[in-house]
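Read the figures in this text as sums done on the coordinates, not as results from a lab. All values derive from a computational prediction rather than experimental measurement. Using ideal geometry, Cβ is built from the backbone for each residue, glycine included, and neighbour counts are taken over all protein chains shown.
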Number of protein chains: 6
Amino acid sequence: MSDENISWFPVPDEDELPDNLRGLFMKARQRLGFVPNVFRVMSFRPERLSAWFAHYKQLHEPTENLSAAEREMIAVAVSMANGCLYCLVSHGAALREALGDPIQGDRITFDYQRAGLGEKMHAVLDYVVKLTISPRECSPLDIEHLQRLGLTPEEVWDVIEIAAMYNFTNRMAHATGMMPNPEYHSMAR
Amino acid sequence: MSDENISWFPVPDEDELPDNLRGLFMKARQRLGFVPNVFRVMSFRPERLSAWFAHYKQLHEPTENLSAAEREMIAVAVSMANGCLYCLVSHGAALREALGDPIQGDRITFDYQRAGLGEKMHAVLDYVVKLTISPRECSPLDIEHLQRLGLTPEEVWDVIEIAAMYNFTNRMAHATGMMPNPEYHSMAR
Amino acid sequence: MSDENISWFPVPDEDELPDNLRGLFMKARQRLGFVPNVFRVMSFRPERLSAWFAHYKQLHEPTENLSAAEREMIAVAVSMANGCLYCLVSHGAALREALGDPIQGDRITFDYQRAGLGEKMHAVLDYVVKLTISPRECSPLDIEHLQRLGLTPEEVWDVIEIAAMYNFTNRMAHATGMMPNPEYHSMAR
Amino acid sequence: MSDENISWFPVPDEDELPDNLRGLFMKARQRLGFVPNVFRVMSFRPERLSAWFAHYKQLHEPTENLSAAEREMIAVAVSMANGCLYCLVSHGAALREALGDPIQGDRITFDYQRAGLGEKMHAVLDYVVKLTISPRECSPLDIEHLQRLGLTPEEVWDVIEIAAMYNFTNRMAHATGMMPNPEYHSMAR
Amino acid sequence: MSDENISWFPVPDEDELPDNLRGLFMKARQRLGFVPNVFRVMSFRPERLSAWFAHYKQLHEPTENLSAAEREMIAVAVSMANGCLYCLVSHGAALREALGDPIQGDRITFDYQRAGLGEKMHAVLDYVVKLTISPRECSPLDIEHLQRLGLTPEEVWDVIEIAAMYNFTNRMAHATGMMPNPEYHSMAR
Amino acid sequence: MSDENISWFPVPDEDELPDNLRGLFMKARQRLGFVPNVFRVMSFRPERLSAWFAHYKQLHEPTENLSAAEREMIAVAVSMANGCLYCLVSHGAALREALGDPIQGDRITFDYQRAGLGEKMHAVLDYVVKLTISPRECSPLDIEHLQRLGLTPEEVWDVIEIAAMYNFTNRMAHATGMMPNPEYHSMAR
């Protein structure tokens, strides 16, 4: 595999990892053709990776009014606000794939305000950027507004929790020097 | 029970919650005398609360060069940078208790730079504030610097992961309107 | 006497100070049980302390629509915007005392936006934070708005002058390394 | 009298003012040829004006290593950082006059970093801008640095107190809509 | 000739310059009495100066609803937002001259929000400051708003292009250490 | 032709444009296979487009120590600092092509600090971001630093002028609603 430096921390060999993580890596390899570097970098602390991923994976489950693609939009909007290389490249790819539209995926990644989004997703992304950049300004009016645009209370909560989660993962990537897999760049183009 | 509004989302009755969460609430009540509102607010989505807490609780385990009190210092420094009422009140209390020194606890909470901290913790807190406010500026030199001050690579990782985690929890608190339990204000004074 | 370092400048002995300041210290000791460190630190320049205090003390006189507690709210909101340890601790204590409510006092100190304030004081504190952070944005509409909420023109002026004054005192505290008296932390709890 | 609107608050007639303020206005008229609008605007609250001015006037007294012109430089550097029309115009004029050099006065007012100042005043103005914009970053090293450049501790204190004072007056001007007297614009050119 | 250092780059002798630039300098000398330092500094790269000026000079041509003075207002508002010494001094002078009103010219230069401008120019200057400071926030509504206030689409474009141009020239001045000619300070007073 | 809305201003038909612009469009079509939307959008003001382009095209000519690819790096670093969709997409593509390395091109576009650049280009891009975000902080030391890393004075000037130019073009794109051509997204992948 690549000799490239993907982390500022040591990266364990895959075969030294606990069974559950080896299973996770195998599944990723089957689905994507490679193991996302986020898994390899975070395997430096295997129990943390397991616990984080058990939480994280719940957040991308689609619901009636918040599709998988729309959840990826939240990921890239937060990651652009934080300027996170790893997440912009990897979730930019995931968004292109989820939309089946590479141009719209890139546009939302770079500047969702100019991507011609409908009212619901424009409001959702405005809100997650506010929650990222000036979280004290959030108010109950934001929640009401998103509900009026068709989200259930559970889906508004998802918007919040996804945004908060990428504020976690962006910073893990920033501080560990996590580099995105080269494969992402040409995915879904 | 307080009638006070502790969340902008519905708060379920405790006896409707799954067993594992009822156990968590009971343990908290035994240890603290009350259930922290973060649990009650987040029980709106019970599986999320379970998954998040399984991850979160790993981060406050003390190690040789990063004590429980020092981990609370990271919590309050990040929470002050984000201006998070819930976490400043609750982890301010936890820090006072962990230090056994209410004055030093408050000082670190309000402005760690003026609390007379030693070189190690001053550097740790400078770093977590940078990771919170301008995460793109993090570099491998930061990691080397903290190791030179006595942290192991695993402990530097803990510094990062705790800081990233409070960037998650602060935003959950900000966006859900989570209010701190009144009990915290007089704890450990 | 505490041996603690309360200033980055020399702190004169109390008995070397001019009579009027010795009187001021004595009165403070009678009222509070101790001499606030702001007096001890600023006594490095005795005439300045006298002149400043003659001005400052006018600003906390209550009026019909702006009580002593409400004036302390302005002090803590400005001090939080500037991140001033000394003033957050000392005026946080004064606010708890003036309100007779330690929990509400702490909440306003950490985040007045989430303290359930009425419309008048919410607007007053929004305004003093704007005047602190982006003073060029102030306009005559702000003044009209506060008058519509029940303040007289003189009271609107007081709001402004108190806010401007804490922009003075916060910076005196920041630049002189002024440390709050330990007694404040447990006051009015 | 000008009919121009110089304040968003009522401006009292000069002859309704207390004797001491009428004396202050007369002296100003003798020295400058006009009454600075800061006096007229602040005379809405006469005791405040008296108290403030008794403090303020102490700060512009020259000392061996901090001349009257150098004190005006602090005034304009803080006022540019805050973007204060009244103080930039009035103290810009005062600085031109104190220097006897209108070009250098304007240059320092607009951008002291490009005015070819010596090391001492460059450091002083860097410090007062830091104290204005990010006061939490001040440290004892700043004080040592200014002393090494030739200031006494008392003069370093003056630097701080002048900077803090213009953070007060700038905000009084911003919030009251104080307009500079037309006469300042052509003074000392 | 002034011996003053007007650039951090070498400044060629005027007689070494290509004919077209010597003509440009001569015309400036006839019109103003001196050669603006922007020409002398930029003549380090003569073809660049020629090309830039051919573009730049188109932007200050007055039209029915956007006069020469109003175009200078855009120049100073952008330059104040960027804090550009050269452009504040030189276009401040040009604005005083274009208005025939030194006081109003200075006021607009320091703070257009307090200069009593009419609705159209207040909106124009708010917009160019937004375009300078937070360009992502621009929207089609801004364009509609300025058209409703009387500008043609071509004039709205001019507002944008002038603002963008001063974001170019301000940075050329900042990075080359361009100093304003002394003559500007007393012009049109 | 695409029916997509590429501008918030009217876009003229190509055959109504002056000869020189029709020639420019034809050359672009030959070289790239399409006309970049920046030309079509700016043709609303044909003389402006001609003048701007005559200036702009000089800046991308490679020199010994600043290649065509390195000049594109400046374009994307400034455009990321300003968050400009049009320029990130179009110059991101141009950089991928100039480097012949799509992965490195994307990495530099999203975060040049993590792209493993050599000392020279890292310093160049740090400098252009500073010139974009806080232009007042530029100093002669920056120029000396880049010369020590191997640039000639003319090439340092180019660094500055390219950075200043993208501060112009980014704002033209932001304010006109300029949309990138779909073709760019798949170019040089």
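Values computed for the structure shown
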read-out: Index of the failed condition, residue D:44 passing every other in (1) assigned to a helix (DSSP H, G or I); (2) at the interface with another protein chain (Cβ under 10 Å from one of its Cβ atoms); value: (1)
read-out: Count of the stretch F:52-82 residues which are within 13 Å of chain E (Cβ to nearest Cβ), in a helix (DSSP H, G or I) and either charged (D, E, K, R) or over 19 Å from residue F:99 (Cα atoms) (or both); value: 9
read-out: Given (1) touching a helix residue (DSSP H, G or I) at 6+ places or on another chain (Cβ under 7 Å); (2) free of Cβ contacts under 8 Å to residues at least 40 places away in the same chain, number of the condition residue E:63 does not satisfy; value: (2)
read-out: Residue within the stretch C:94-106 that is among the charged types (D, E, K, R), surrounded by 18 or more Cβ atoms within 10 Å (Cβ to Cβ), touching a residue at least 12 places away in the same chain (Cβ under 8 Å) and touching a Ser or Thr at 6+ places or on another chain (Cβ under 9 Å) present; value: yes
read-out: Wholly within the stretch B:83-189, helices (runs of 4 or more DSSP H) carrying at least 3 residues that are more than 9 Å from every other protein chain (Cβ to nearest Cβ) and over 23 Å from residue C:81 (Cβ atoms); value: B:85-99, B:119-133, B:140-148
read-out: Candidate set: the stretch C:66-93, residues that are closer than 19 Å to residue D:48 by Cα and over 9 Å from the mean Cα position of the chain (by Cα); chosen: the one surrounded by the most Cβ atoms within 10 Å (Cβ to Cβ); value: C:66
read-out: Some residue of the stretch D:34-55 being touching a residue at least 40 places away in the same chain (Cβ under 8 Å), farther than 20 Å from residue D:180 by Cα and surrounded by 13 or more Cβ atoms within 10 Å (Cβ to Cβ); value: yes
read-out: Close pairs from the stretch B:166-186: first closer than 17 Å to residue C:106 by Cα, partner basic (Lys, Arg), Cβ under 6 Å, at least 6 apart; value: B:186/C:189
read-out: Members of the stretch C:152-165 that are touching a residue at least 40 places away in the same chain (Cβ under 8 Å) and more than 20 Å from the chain's Cα centre (by Cα); value: C:152
